[in-house]
1. Could you grab me the full set of residues in the range A:51-74 that are hydrophobic (A, V, I, L, M, F, W, C), touching a residue at least 40 places away in the same chain (Cβ under 8 Å) and either more than 7 Å from chain B (Cβ to nearest Cβ) or surrounded by fewer than 24 Cβ atoms within 10 Å (Cβ to Cβ) (or both)?
2. Does the range A:75-103 hold any residues that are at the interface with chain B (Cβ under 7 Å from one of its Cβ atoms), of a type in the set (D, E, K, R) and in contact with a Pro (Cβ under 9 Å, 6 or more places away or on another chain), and which are they?
3. Tell me, which residue of the range A:399-435 that is modelled with pLDDT of 90 or more and in contact with a Leu (Cβ under 6 Å, 6 or more places away or on another chain) is farthest from A:E15 (Cα to Cα)?
4. Quick check on the range B:334-370: of everything there that is more than 14 Å from chain A (Cβ to nearest Cβ) and charged (D, E, K, R), which residue is surrounded by the fewest Cβ atoms within 10 Å (Cβ to Cβ)?
5. Which condition number does A:Q83 fail, the rest of (1) part of a loop (DSSP other than H, G, I, E, B); (2) touching a residue at least 60 places away in the same chain (Cβ under 8 Å); (3) buried (at least 23 other Cβ atoms within 10 Å of the Cβ) being met?
6. Give just the number: which of (1) touching a Leu at 6+ places or on another chain (Cβ under 7 Å); (2) crowded, with 23+ Cβ neighbours inside 10 Å does A:A192 not satisfy?
7. Would it be correct to say that A:L45 is at the interface with chain B (Cβ under 10 Å from one of its Cβ atoms) and either outside any strand (DSSP E or B) or among the small types (G, A, S) (or both)?
8. Tell me, please, whether a residue that is outside any helix (DSSP H, G or I), at negative phi and not assigned by TED's automatic domain parsing to the domain that holds B:L351 can be found in the range B:188-206.
Amino acid sequence: MDAVIIKNLTKKFKEITAINVLSLKIEKGKITGLIGADGSGKTTLIRLIIGLLLPDYGEISVLDLNPSVEKDELNKKIGYMPQKFGLYEDLTVIENLKLYADLKNVPHDFEKLLKFTDLKKFQSRLAGALSGGMKQKLGLACVLLGSPEFLLLDEPSVGVDPISRRDLMQMVCNLISPKTTVLWSTSYMDEAHSFDTAIVLDQGKVIYQGNPSDLAKTSEEFENKVIDLMGGYQKTKSRIAESYISKKTDVQYTVVADNLEKLYGDFYAVKNNSFKIKKGEIFGLLGPNGAGKSTSFKMMCGLLKPTNGIAHIMGIDITEDPEKARSNLGYMAQKFSLYESLTVKQNLDFFSEIYGIHDQNLKTRVSEIIDIFGFSQIQKQKAGELPLGFKQKLSLACALIHNPPILFLDEPTSGVDVITRREFWNHITSLAQKGVTVLVTTHFMDEAEYCDRISLFYKGETVAIGTPSALKKKVKAKNMEEAFMKLILESDK
Amino acid sequence: MKILHALVKKEILQIIRDPSSVIIAFILPLISIFIYMYGINLDFVTVNIGVKNDDNSPEISQLVNSFGCSKYINSEVSDNMLDLSQKLIRSKIKGIVVIPNDFSNRLEQKQSADLMVITDGSEVNTATYLQNYILQISNQWLATSKYSQLMSPQIVNPQVRTWYNQDSNGYYFILPGSIAITMTLIGILLTALVVAREWERGTMESLLSSNVTRMHIVLGKYIPYFILGMLSMIFNMILCIGIFQVPFHGNYLVLTFVSALFLFTSMGIGLLISTKLKNQFFASQISIGIGFLPALLLSGLVFPISSMPEILQHITRVLPPRYYITFIESEFMAGTIPSVAIKSSIFLLILGIILFIAVYKNTDMRLTHD
């Protein structure tokens, strides 16, 4: 029995073909993972399946209904969680649940859901004030109301820490009936590997469909196989690192945090955070959502005034001379913070200018950046219209434009596909070899392995600090993910 | 019904949480009434004039004195013409009256005598007003002076009375009219953002994949903002009638009924903008352009419709504030005039229904592009 049958489906947006003569079947009662690079058509496919978009050509049958004409009937049988979760941020947790229960005409019986999501004590908190992980749980809870026959989740675990991700997975597995069909799009290969079926999309076509364990035994192998399917990744010398011009410095510890604290009312967002990062070191800041990583980051760049403690950048006290300290920094924010209505080149021109590069130097530097980042094809495109992977690359380019000796990267690979992630880390490690100090946060535990040292952050405090292998050894874990969970759970006791 | 109830409740919670809609509904009318009340004053304030008298006959000095008798005019007598004209240039005085040295001589010889009156044409209203005033004063003086027999006997003598507004008090018609402008703005601004907001925040995608129908979405927006708009309307009326003591000669039930129809049309404009544009910033810009400016300039509040070019007169026919302003001014100042109230209601109802249908038809139940 199939929940979804698609034949020769095509969907175009102006000149771009998002779905290209695609055919597939999704089995009833199974969890199917949907993977693929950015812009490969995952979101478009999900929207077509539930009738939010109309196909240009081809046939779709979902639960024996045609979504193009029987959308109202279909809506009663499905639960769909869009990428932005679809929560009302100015309503509380319980108000969101009540709203969606009424919209689906199901009774207000939230006990089980609240217990499972651990949201019981946050019932009257505004959804907008929840951490990323909790928002996702609430979004999922709203979708699960009324026990839909077919559950569609569009990248529910973007930017979520390993613990929240595990919770999310458990929620889905425990709260659905064995008859429920699930379509789950993800960029985490370990997630995809654990599903019943995996569909790999590339340029609007299915390039693989089958049992993920047939493709590879472990999730690491699975990742490599998927990369091969998508055309493969060849590690080449990072031209970004090669073109980097390093500044001479006598400072040994380029980034120093000394007892940093941030107090909001009587709540410590960050408590006595101390670390010293050597020149050319990659220092990873890991921790669950809401642990205080971004707050620490903002204090380190002088965007937020610490309640206590000092941060030094290249030996300069950030509170004393923020401008001079910051001129040594390249900062990539978690949220895309370039001008979406400017073109790629205009963004680069603008950032060169504000970093003090002018006239002829600007022209040479910008054309050099366009060349080494491979932007020549897209330089006239608006930044807001780029696929996520390119947006992140452009953000990195803007952060590197003035050859800073220090790079701060806040979740640089969130929502980026596997191949782009590998490219990114190739650049980061090569830059570190040329003496760039890197402070980075990530939710991908395999990425944590690239770091020289890691500080594990939880509830505003440092739980553990050390090299990846030392941390794994400490709790006898076989990989970083396990180490992360063990260390966090240990500190919870 | 349950779905609609849930949507309305959700919207009301959002209104309570988000101070901006409360500010639009209650602070905006307060500010706008103050501006209309004190900022835009069509009544005359005291005007200064200069008088240069070259004729030193005692009869003439009486005329000079009577120029300053009105409570609206301050006259200043000077012999220095240069000084007076400098003052006129600097706008210290608005007019100059010059009485030539042969003025009384000519009158004695029963000849016509000239007065020179210079006014500041950059303020046309004041200039015309001054010319009339000076003519009136000199006639009055002539009638009571020893030259009175020179005047031709006046046979026609108009006795002027201003109906509905005995004191010609400007804000008696400006304030009720301003309610129409404010309510247009409120109706449009409150609703222009709310559909766009659902698209921007991605909540529309969730709604569209639930059991919600098109009518649910449309009514779910109309009902809560209609309630808020009516509260704001009542607040406006209390300000106008209760606080600023504008006399009200009409019927409160009729006023409420036609106001409700008017709000219904304004909300339709706002919702149509929001539904079409799906972008909050763009929607708010457009609503000022489409909603506020025509309401202010083409509704007949500031400039009479009858003096507009014909094409503009036709355009005003589709503007809801036009009907509402006609209605509300007569309702306040003359009492309920059935023909005006009925005509306004019919037009507002038709416009409102057309807009409602347009909103309904334009409410997308699918995503149109990514």
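The values are calculated or read from the model by the stated rules, or taken from the named source; none is laboratory data. All values derive from a computational prediction rather than experimental measurement. FYI the Cβ positions are ideal-geometry reconstructions off the backbone, even for glycines, and counts take in every protein chain you see.
1. Narrowing the range A:51-74 to residues hydrophobic (A, V, I, L, M, F, W, C): A:52-54, A:60, A:62-63, A:65, A:69, A:74.
Narrowing the set further to residues that are touching a residue at least 40 places away in the same chain (Cβ under 8 Å) leaves A:53, A:60, A:62-63.
Answer for the range A:51-74, where residues must be hydrophobic (A, V, I, L, M, F, W, C), touching a residue at least 40 places away in the same chain (Cβ under 8 Å) and either more than 7 Å from chain B (Cβ to nearest Cβ) or surrounded by fewer than 24 Cβ atoms within 10 Å (Cβ to Cβ) (or both): A:I60, A:V62, A:L63.
2. Selection gives A:K76 alone.
3. In this case the residue turns out to be A:I406.
4. My answer is B:K361.
5. Evaluating A:Q83 over (1) part of a loop (DSSP other than H, G, I, E, B); (2) touching a residue at least 60 places away in the same chain (Cβ under 8 Å); (3) buried (at least 23 other Cβ atoms within 10 Å of the Cβ) leaves (3) as the failure.
6. Only one criterion in (1) touching a Leu at 6+ places or on another chain (Cβ under 7 Å); (2) crowded, with 23+ Cβ neighbours inside 10 Å is unmet by A:A192, namely (1).
7. Working: at the interface with chain B (Cβ under 10 Å from one of its Cβ atoms): no; either outside any strand (DSSP E or B) or among the small types (G, A, S) (or both): yes.
Criteria not met by A:L45.
8. Keep residues of the range B:188-206 that are outside any helix (DSSP H, G or I), which gives B:193, B:201-202.
Next, only the ones that are at negative phi stay: B:193, B:201.
Add one more test, that the residue is not assigned by TED's automatic domain parsing to the domain that holds B:L351, and what stays is none.
Checking the range B:188-206: not a single residue is outside any helix (DSSP H, G or I), at negative phi and not assigned by TED's automatic domain parsing to the domain that holds B:L351.
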